[in-house]
Amino acid sequence: PPEILLERILERKVKNILSGNFNLTETYNYSFVGESQLKKLNLDFTNYLKLVNPISDQQNLLRQNLLIGLLSNVKVNQFNYDEISLFEVGRIYLDTPGTFDKAGNDLERLPYQEKRIAFVLSGKSGNYFFEAKGIVERFLELVLNNGWETEFVSIEDFPVYSDSKKSARIRINNHDLGLITTIDDSVAKRFGLKNETVVTEINFAELLALFNVCPLKKYQPLSKYPAIS
């Protein structure tokens with residue numbers, strides 16, 4: 001029989017919940033970003049991995065978050081929709097040795113890869129930060145199904161692109177899962193975003209660690225001889 005991979009089961013569950021329960025649209029973005037995009041978000045790109053043969057000058061670096069792709073999606077679609085709600089499950093790449101062997105001789109390893117879950121809410125109605133918090137809370141309840149309470153912790157070292165008053169770290173069962181943040185107005189304007197935009201990013205590996213200790217629901221047949229009171 002095929003091997004049971006909890007990572008694959010969790011990813012399928014995550015996508016089903018975000019699309020089915022919250023009506024978010026899944027998007028697939030390139031793993032490449034450009035220096036100009038990072039500058040607009042005040043991000044330092046000196047430690048980003050640079051491609052030897054980029055497909056364009058605007059996509060010459062490997063991404064370190066899913067944020068830029070989703071914001072670009074919002075920028076392109078904001079003139080056609082009053083509200084935008086998208087999500088992506090993808091990998092980021094950091095300039096440090098990872099777990100994958102590069103040449104098969106265990107002498108050199110590929111850069112560290114980390115899978116993440118991210119979703120973005122944007123539109124004219126406002127209050128998307130609180131809506132995103134509600135989605136995160138209910139999403140974790142549906143994924144883990146164990147009664148753990150989701151905490152939203154204030155951030156001191158908030159990202160350079162975020163509104164400090166509308167940002168929080170996501171924590172559950174003493175695990176830091178990720179970040180929920182509203183893009184600062186000046187940064188949003190520089191990036192070309194017309195409306196309030198809130199981005200949430202969750203570490204897939206941390207969520208998988210919690211998912212591993214949650215019992216899976218199993219079905220069993222009714223008794224052939226049920227009890228009678």
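The values are calculated or read from the model by the stated rules, or taken from the named source; none is laboratory data. Since this is a predicted model, take the numbers as computed values, not measurements. No Cβ is skipped: glycine too gets one built from the backbone with ideal geometry, and neighbour counts run over all protein chains shown. Accessible surface is based on the protein model in full, side chains and every heavy atom, while ligands, DNA and RNA are left aside. Shrake-Rupley method; radii C 1.70, N 1.55, O 1.52, S 1.80 Å.
So the values come out like this:
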item	result
Of every Cα-Cα pair in segment 1-114, the percent that sits beyond 18 Å	63 percent
Residues of the chain: accessible area per residue with a 1.4 Å probe, Å²	61 Å²
Structure-derived Cα extents along the principal axes in Å: which label, when the choices are [x] 72, 55, 35; [y] 60, 47, 27; [z] 141, 34, 34	[x]
Listed residues Lys39, Lys102, Lys13, most fluctuating in the chain (Gaussian network, C-alpha, under 10 Å)	Lys102
Apportionment of accessible area to carbon and sulfur, the chain, percent (1.4 Å)	49 percent
Spin-label pair Leu142/Arg12, simplified geometry with 7 Å Cα→Cβ offset, distance in nm	1.7 nm
Exceeding the 32 Å Cα-Cα cut-off - candidates Lys75/Lys166; Lys102/Lys165; Lys13/Lys39	Lys102/Lys165; Lys13/Lys39
Inter-label distance, nm, simple model (7 Å from Cα along the C-beta direction), Phe152/Tyr30	3.4 nm
Loop-located trypsin sites (Lys or Arg not before Pro) in segment 191-229, at most 12 other Cβ atoms within 10 Å (DSSP)	Lys217, Lys218, Lys224
Relative contact order (percent, whole number), the chain, Cα cutoff 8 Å, 6+ residue spacing	19 percent
Aspartates and glutamates whose Cα lies under 16 Å from that of Lys194, excluding same-chain neighbours fewer than 8 positions away	Asp82, Glu83, Asp163, Asp184, Asp185
